[in-house]
Structures are given as C-alpha cells and as structure tokens.
Amino acid sequence: MNTVYKIALVLSIIGCINWGLVGIFNYNLVEFLFGNGTILTRVIYVIVAIAGIITAGIFNKDLDH
C-alpha cells in the first residue's frame, strides 16, 4: 500500500473517531479544538472527506501485492 493510501486511511480513522464521539457523547473534538464554524474547521472536514474518497479506492486495489 502506498503512502497516500496510508495517510488517507489514518485521516479516515480519525474522522470516524470524531463521528463516534459526536454520536455517543454529543462532543465534536474538531470544533472543540479549532472553533465552531471557523475556516480551519471546514478545511479539516474537507481534508477528511477527501481522505474518505481516496480510501474508497482501496476497494478496487489488490492489496496482496
């Protein structure tokens, strides 16, 4: 697996953990750290979304080689 996929996977996992915190405890770690509705918060959300899209490409990739 190349470096881009590994970085995207880590960012996707971080996004999943944040959504778990929102769902279970109603606590958004990203907004706590960077502010509610700030441009930095939005950029982080976009980066995590792009990582999720890249990670979806793993379904078509042969990971055994």
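Placing a label point 7 Å from the Cα of Asn2 along the Cα-to-Cβ direction, the residues of the stretch 49-63 whose backbone N falls under 17 Å from that point are 51-63.
Surface composition of the chain: carbon and sulfur atoms hold 71% of the protein heavy-atom accessible area at a 1.4 Å probe. Using just its DSSP H runs of length 4 or more, each adding -39500 (n - 2.57), the chain gives a mean residue ellipticity at 222 nm of -24000 deg cm²/dmol after division by all residues. As a length-normalised measure over Cα pairs under 8 Å and 6 or more apart, the relative contact order of the chain settles at 46 percent. Would you mind classifying the stretch 1-49 by shape? Square roots of the alpha carbon gyration tensor eigenvalues, ordered a ≥ b ≥ c; an a/c under 1.5 is rounded, otherwise it is prolate if a/b is larger than b/c and oblate if not. Here the stretch 1-49 falls in the oblate category. For the pair Lys61 and Asn28, the difference between a 0.36 nm per residue extended length and the Cα-Cα distance amounts to 8.6 nm.
The values are calculated or read from the model by the stated rules, or taken from the named source; none is laboratory data. Keep in mind that what you see is a predicted model, and the values were worked out from it rather than measured. Here Cβ is always computed from backbone atoms with ideal geometry, including for glycine, and neighbour counts include all displayed protein chains. Just the protein is used for accessible areas: all its heavy atoms, side chains included, with ligands, DNA and RNA removed. Shrake-Rupley method; radii C 1.70, N 1.55, O 1.52, S 1.80 Å.
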